[in-house]
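So the structure is just underneath, and the comments pick up after that.
The values are calculated or read from the model by the stated rules, or taken from the named source; none is laboratory data. Predicted, not measured: the structure shown is a model, and the values here were computed from it. Ideal geometry is used to build each Cβ from the backbone, glycine not excepted, and the neighbour counts take in all protein chains shown. Protein only, heavy atoms only, side chains kept; ligands, DNA and RNA dropped before computing areas. Shrake-Rupley method; radii C 1.70, N 1.55, O 1.52, S 1.80 Å.
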Amino acid sequence: MAASWFRAPASVSRRVRAYFAPVNRAAQAPVIFDPAEQGAFNLDSPPAPWLDLGWIQGFTRKATSKTAPVLAGIPAATLDQVRETLEAQVGFEFMSWTKLTMALATGSQHMNLLAPANGGALAAEGAEAVPAITVQAGSTATVVQLAPGDAANFAAGSMVAIDADNTGQTGFVGTPISGAYLHQPLTDVDYIRRITYNVALVAEVGTNALTLAEPLPGGAPASNSKVQAVTGFIDREGGTFYQEWSALFVIAGAQGERILFHYPRLQSMVGAEEMSTSLDAKHKGGLTRTLLKGRFMALPVTDPLDGERVLCYRSFLPAAGFLI
């Protein structure tokens, strides 16, 4: 039986899928993606440690690196060209509001609103929060073990943050995802849980455990972790901290082909910005959809293959039977 081969038309797709993974800031280690081994992954189940951010819209990428001619001879003529600077930018809108999309869409630090103690003001900027409860051994990314009686402090449908106490450390803090950089020691014992990305929704409260609706982004809690209730999230315009993540964008073509863009290091380059689109263009004051708008600058890494400094890897996986 003869095989059939087809010409490869330009890729046709509906949307772009976004995945992010935390850069190890202390070790300056981005997350590597191998398209030969991982490129055909199930879009609904990305390989660890990539986190699914869902569909995005308005995806644009722009190379802004500058080149310069190398001149030789009299009169001078271009002999070659060199790259003077390496720079690239990425922009898009998130289609959903979550802690992670909100954090990525701001150029500064992102924080958790810890549940206030005694019904006081929201515990975002150092106000007293409900005391943290120690996580017990045997906890996993989806089941948090607690001492007898402690689970009664939480309710199904509530949100929790899980991380260590602040003991006066400096540098990058947050386990295992860095949520802030401390230039000087702080006395707020709850500070790390205010900035941690290790948050989740409680699906069920058992006798001595909390079952989470989704795995903790940081995996199983460390042995010194504590858990606190969270009521929401907040970010600030300004400050000195920049988010930094590895990013992967996937365009899944209608014929089965796949285009992937891997940015080992992306930093938010603008402050918080939203975009509103009308859902009822015929009537003033109608419904609008508010989307989180993100713009990022790519930072270079050194490719271990040949020592070259690069910003992005673009991969193409052809559809089965397409001529190459």
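Within segment 128-137, the set of residues being at pLDDT 95 or above, in a loop (DSSP other than H, G, I, E, B) and not aliphatic (A, V, I, L, M) comprises just one member, 136. Evaluate the following for residue 242: is it aromatic (Phe, Trp, Tyr) and open to solvent by 40 Å² or more (accessible area, probe 1.4 Å)? Yes: the conditions hold for residue 242. Take segment 300-324 and flag every residue that is within 15 Å of residue 32 (Cα to Cα) and not polar (S, T, N, Q). 300, 301, 303, 304, 305, 309, 310, 311, 312, 313, 314, listed by residue number. Can residue 321 be described as closer than 27 Å to residue 258 by Cβ, out of contact with any helix residue (DSSP H, G or I) (no Cβ under 9 Å at 6 or more places or on another chain) and among the small types (Gly, Ala, Ser)? Criteria met by residue 321. Do we find that residue 254 is open to solvent by 50 Å² or more (accessible area, probe 1.4 Å), at pLDDT below 90 and assigned to a loop (DSSP other than H, G, I, E, B) in this structure? Yes, satisfied.
Among the residues making up segment 25-57, those that are open to solvent by less than 50 Å² (accessible area, probe 1.4 Å) and part of a loop (DSSP other than H, G, I, E, B) are 25, 30, 31, 33, 39, 41, 43, 46, 47, 50. Considering segment 262-288, and only residues there that are hydrophobic (A, V, I, L, M, F, W, C) and within 30 Å of residue 201 (Cβ to Cβ), the residue that is most open to solvent (accessible area, probe 1.4 Å) turns out to be 287. Exactly one residue out of 141, 152 is small (Gly, Ala, Ser) and either crowded, with 21+ Cβ neighbours inside 10 Å or more than 26 Å from residue 27 (Cα to Cα) (or both): that is 152. Kindly list the number of the only condition in (1) touching a strand residue (DSSP E or B) at 6+ places or on another chain (Cβ under 9 Å); (2) modelled with pLDDT of 90 or more; (3) open to solvent by less than 60 Å² (accessible area, probe 1.4 Å); (4) of a type in the set (A, V, I, L, M, F, W, C) that fails for residue 8. With (1) touching a strand residue (DSSP E or B) at 6+ places or on another chain (Cβ under 9 Å); (2) modelled with pLDDT of 90 or more; (3) open to solvent by less than 60 Å² (accessible area, probe 1.4 Å); (4) of a type in the set (A, V, I, L, M, F, W, C) applied to residue 8, the lone miss is (2). For residue 323, the criteria (1) under 16 Å from residue 89 (Cβ atoms); (2) out of contact with any Leu (no Cβ under 6 Å at 6 or more places or on another chain); (3) of a type in the set (A, V, I, L, M) hold in every case but one, which is (1).
Looking across 229, 254, one residue alone is aliphatic (A, V, I, L, M) and in contact with a Phe, Trp or Tyr (Cβ under 9 Å, 6 or more places away or on another chain). It is 229. Considering segment 58-114, the qualifying strands (runs of 3 or more DSSP E), each wholly inside and each with 3 or more residues that are open to solvent by 20 Å² or more (accessible area, probe 1.4 Å), run over 66-72, 77-85. Residues of segment 289-308 that are modelled with pLDDT of 85 or more and either in a loop (DSSP other than H, G, I, E, B) or exposed (fewer than 12 other Cβ atoms within 10 Å of the Cβ) (or both): 290, 299, 300, 302, 303, 304, 305, 306, 307, 308. I'd like to know if segment 309-317 contains one or more residues that are in contact with a Phe, Trp or Tyr (Cβ under 9 Å, 6 or more places away or on another chain) and either assigned to a loop (DSSP other than H, G, I, E, B) or buried (at least 19 other Cβ atoms within 10 Å of the Cβ) (or both). There is at least one residue in segment 309-317 that is in contact with a Phe, Trp or Tyr (Cβ under 9 Å, 6 or more places away or on another chain) and either assigned to a loop (DSSP other than H, G, I, E, B) or buried (at least 19 other Cβ atoms within 10 Å of the Cβ) (or both).
Quick check on residue 58: is it small (Gly, Ala, Ser), modelled with pLDDT of 90 or more and under 22 Å from the mean Cα position of the chain (by Cα)? Here the answer is yes, as residue 58 does meet what is asked. Filtering segment 213-221 for residues that are modelled with pLDDT of 90 or more, at negative phi, of a type in the set (D, E, K, R) and part of a strand (DSSP E or B) leaves an empty set.
Among the residues of segment 109-127, those identified as modelled with pLDDT under 85 and of a type outside the set (A, V, I, L, M) are 118, 119, 120, 125, 126.
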